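Undergrad: Let me give you the structure first, and then I'll get to my questions.
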Amino acid sequence: DKLLAVGSSAQIDALRAMLSQSSASPVSSHEQEFEVVPVTLDADSFLTGNTLRKANMRQYRCMVISVLHDGEFITNPEPDFQFGVGDIVWIAGETSALPYKS
């Protein structure tokens with residue numbers, strides 16, 4: 001398994017410390033390429049005007065992990081969060097599934 005973590009430097013350091021104490025052993029598996037892609041929304045973007053719930057990103061095997069909206073950085077937005085023009089959205093998912101792959 002691969003873990004993608006988003007947080008402050010202190011939060012990431014705490015996570016690293018916690019994981020280094022884990023007794024889990026690595027398991028071999030078929031790996032999919034995984035990426036986090038930042039996207040700036042324009043008026044014609046699929047997400048613009050939609051809520052996270054309505055966008056249903058899981059159907060694309062992707063998820064929104066954070067948004068920069070009106071100067072506010074939002075980590076793990078709520079399902080009723082509505083996207084707007086100019087928002088910068090970080091989308092995580094399998095490379096082959098990313099709808100906004102540039």
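Undergrad: Could you please find all residues in the stretch 1-24 being loosely packed, with under 10 Cβ neighbours inside 10 Å, at pLDDT 70 or above and more than 16 Å from TRP90 (Cβ to Cβ)? If you could, list the steps in order and put the result at the bottom.
TA: So in the stretch 1-24, the residues loosely packed, with under 10 Cβ neighbours inside 10 Å come out as 1-3, 8-10, 17-18, 20-24.
Now restrict to residues that are at pLDDT 70 or above: 8-10, 17-18, 20-21.
Answer for the stretch 1-24, where residues must be loosely packed, with under 10 Cβ neighbours inside 10 Å, at pLDDT 70 or above and more than 16 Å from TRP90 (Cβ to Cβ): SER9, ALA10, ALA17, MET18, SER20, GLN21.
Undergrad: With the condition kept exactly as written, say whether any residue in the stretch 44-63 is open to solvent by less than 70 Å² (accessible area, probe 1.4 Å), within 25 Å of GLN11 (Cα to Cα), modelled with pLDDT under 90 and within 14 Å of the chain's Cα centre (by Cα).
TA: Yes, the conditions are met somewhere in the stretch 44-63.
Undergrad: Next up: Which pairs turn up if I take residues in the stretch 43-69 that are without any contact (Cβ under 8 Å) to a residue 24 or more places away in the chain and look for partners that are open to solvent by less than 90 Å² (accessible area, probe 1.4 Å) with beta carbon separation below 6 Å, at least 6 apart in sequence or on another chain?
TA: Filtered contacts from the stretch 43-69: VAL67/ILE74; VAL67/PRO77; VAL67/ASP87; VAL67/VAL89; LEU68/ILE88; HIS69/ASP87.
Undergrad: Scan (1) of a type in the set (A, V, I, L, M, F, W, C); (2) surrounded by 13 or more Cβ atoms within 10 Å (Cβ to Cβ); (3) part of a loop (DSSP other than H, G, I, E, B); (4) modelled with pLDDT under 90 for the single condition VAL27 breaks and write down its number.
TA: Going through (1) of a type in the set (A, V, I, L, M, F, W, C); (2) surrounded by 13 or more Cβ atoms within 10 Å (Cβ to Cβ); (3) part of a loop (DSSP other than H, G, I, E, B); (4) modelled with pLDDT under 90 one by one, VAL27 breaks only (2).
Undergrad: Enumerate the pairs (first residue in the stretch 83-102 and open to solvent by 20 Å² or more (accessible area, probe 1.4 Å); second residue anywhere and basic (Lys, Arg) and modelled with pLDDT under 95) with beta-carbon separation below 6 Å, excluding pairs fewer than 6 apart on the same chain, so at least 6 apart or on different chains.
TA: Pairs found: GLU94/ARG61.
Undergrad: Is it true that ASP80 is in contact with a strand residue (DSSP E or B) (Cβ under 6 Å, 6 or more places away or on another chain), modelled with pLDDT of 75 or more, open to solvent by 100 Å² or more (accessible area, probe 1.4 Å) and acidic (Asp, Glu)?
TA: On the way: in contact with a strand residue (DSSP E or B) (Cβ under 6 Å, 6 or more places away or on another chain): yes; modelled with pLDDT of 75 or more: yes; open to solvent by 100 Å² or more (accessible area, probe 1.4 Å): yes; acidic (Asp, Glu): yes.
For ASP80, the condition - in contact with a strand residue (DSSP E or B) (Cβ under 6 Å, 6 or more places away or on another chain), modelled with pLDDT of 75 or more, open to solvent by 100 Å² or more (accessible area, probe 1.4 Å) and acidic (Asp, Glu) - is met.
The values are calculated or read from the model by the stated rules, or taken from the named source; none is laboratory data. Remember, predicted model here, so these are calculated numbers, not experimental data. Positions of Cβ are backbone-derived with ideal geometry, glycine not excepted, and every protein chain shown enters the neighbour counts. Ligands, DNA and RNA are stripped out before the accessible areas are found, and what is left, the full protein with its side chains, is counted by its heavy atoms. Shrake-Rupley method; radii C 1.70, N 1.55, O 1.52, S 1.80 Å.
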